[in-house]
Structures are given as C-alpha cells and as structure tokens.
1. What value, in deg cm²/dmol to 500, does the helix sum -39500 (n - 2.57) over DSSP H runs of n ≥ 4 give at 222 nm once divided by the residues of the chain?
2. Tell me the label only: which of (1) 1.07; (2) 1.03; (3) 0.95 is Rg/Rh (Cα atoms, Kirkwood Rh) as calculated from this structure?
3. Assuming 0.36 nm per residue, please report the length gained on full extension of the stretch A80 to I56 beyond their Cα-Cα distance.
4. Could you work out how far apart the two model spin labels at A63 and R141 are, taking each label as a point 7 Å from the Cα in the direction of the beta carbon, and quote it in nm?
5. Could you compute the FRET efficiency for L134 and V109, with r as their C-beta to C-beta distance and R0 at 30 Å, rounded to 0.05?
6. Subtracting the Cα-Cα distance from 0.36 nm times the residue separation, let me have the gained length for A70 to L127 in nm, one decimal.
Amino acid sequence: MSRLRDLRPDISPSPWVVGGDVAVLMGFVAFGLYTHDVNALANPVHWLQTAAPFVIGWLAASAALNAQGARARSSYRYAAVSAASAWVAGALLGAVLRYSPRYISGAEVDLSIALEFTVVMVGFGLLVILPWRLSVVYVDR
C-alpha cells in the first residue's frame, strides 16, 4: 500500500509559497510599471489589471506542472526546472489572456508590441521567479 502512495503526485501547495509567488509577481509587475513611469501604488487598478493575467497563468501552470508540491520545495533541481517550465507556460497563458479581445475591451493590439512584451515577461520573469523558488528550497529544507 505504501508503494501506491509513493506513486501519487504531491500536489499539496504550501500557502506561504503560493502567497510568496503572488507577492513576487506583483512586485515584478510593479517594477515593470515603474520603468514605464507608472506608480503601481498610485494606480492600483492598472497594476492589478496588468498583473492579473500573469498571476492567473502562473497559478494555473504551476499547479498543472506540480511546481507547488513538496518536491519543488525540497530539491533545487526540481524547483528550478518546475518553476522555469511553469513560468514560461504561465507567462504565455498570461499573454493570451492579456491580449484576448474580452480583456482588452476591443482595443487594437499591435502584435509586435505584444510579442516584445511577452518575451520581456518570460525572460525577466525567470530572473525574478527562479531566485525566489530556489530560496524557498533553502528555507524549506
């Protein structure tokens, strides 16, 4: 019976890790807005509208790819691979959500800007999420 238990995937997310993920992503988006002369705290609705698709994408992808389970909190290698995979998938899902017709309310989308924004989100997002998730392993071990 214990062998069957060992085969089940660990999908038990830690609330402090999920909360930290969201905080890190919100900070990342706030910094991005700051680089474009937008104060996130003075414009909380704009901040939330910008961050929401990517937070949703991250939460969905990290759950689907088991980037929230105990293994992702105990192995540096697994944490790095699962977080990177989940972020790339989550950022792409976030971009799809962000540029969907329902989300942008009929505004025209410049595809070259959308592509640039998505590449920046994926690349710089990895630079933010990976150190955070590796520090989770360090603390959780």
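None of the figures in this text is laboratory data; all of them are computed from the coordinates on show. This is a predicted model, so every value here is computed, not measured. Reconstructed Cβ throughout: ideal geometry from the backbone, glycine too, with neighbour counts over all protein chains shown.
1. Dividing the helical sum by the residues of the chain leaves -25000 deg cm²/dmol.
2. Correct label is (2).
3. 6.6 nm
4. 3.0 nm
5. So, using R0 = 30 Å, E works out to roughly 0.30.
6. 18.3 nm
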